[in-house]
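The structure appears right after this line, and notes come after that.
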Amino acid sequence: MPMSGYFATQSWAQQNPNTARAFQAFLLKAQAYAQANPTAVQDILPAYTKVTAAAASHIPVNSYPSTLDPAELQKVIALMKSGGLPTASLSPSSLLFH
């Protein structure tokens, strides 16, 4: 179940495809760095968050997926629908930038 993500309007993504792709590439590069250097990421967490150094040393930083599974997004849409949110125009593919 995806717990977070980055969103942009369809019109913005259509008008700025290079920026959207660059952002995706940056996220992939950052994730690769985090997987290769988990201690470096844990060491810097207290500088940008309220997480203590002791707590940061226990945070797994190499467990964030670099892609989204449309089936997992469908679960989010189902939860939104069950919560009474409008979902008629939503499909997993409509939420992904390719």
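The values are calculated or read from the model by the stated rules, or taken from the named source; none is laboratory data. What you are looking at is a predicted structure, and each value in this text was computed from that prediction instead of being measured. Heads up, the Cβs are rebuilt from the backbone with ideal geometry, glycines too, and the neighbour counts pull from every protein chain shown. Protein only, heavy atoms only, side chains kept; ligands, DNA and RNA dropped before computing areas. Shrake-Rupley method; radii C 1.70, N 1.55, O 1.52, S 1.80 Å.
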Binned at 10 Å from zero, the C-alpha pair distances of the chain give percents of 13, 33, 31, 21, 2
Largest fluctuation, Ser66, Ser57, Ser11 only, Gaussian network model of the chain with Cα springs under 10 angstrom, belongs to Ser11
Answer in debye to the nearest 20: the dipole magnitude of the chain about its Cα centre, from +1 Lys/Arg and -1 Asp/Glu charges placed on Cβ, is 120 debye
Filtered hits (lysines, Cα-Cα < 27 Å from Lys29, offset >= 8 within chain) -> Lys50
Given Cβ charges of +1 for Lys and Arg and -1 for Asp and Glu, the option among Leu45, Ser57, Ala25 whose Cα lies farthest towards the positive end of the dipole of the chain is Ala25
Two pseudo-spin positions, 7 Å from Cα along C-beta at Ser91 and at Ala78, lie apart in nanometres by 1.8 nm
The ³J(HN,Hα) series, computed from each phi in the stretch 83-98 with the Karplus coefficients 6.51, -1.76 and 1.60 at θ = phi - 60°, rounded to the nearest Hz and given as x for glycine or proline, is x, x, 7, x, 10, 4, 9, 9, 9, x, 5, 6, 9, 9, 9, 10
Full extension between Ala54 and Ala22 adds, at 0.36 nm per residue less the Cα distance, a length in nm of 8.1 nm
The percentage of the accessible area of the chain (probe 1.4 Å, all protein chains present) made up of carbon and sulfur atoms, to the nearest whole number, is 62 percent
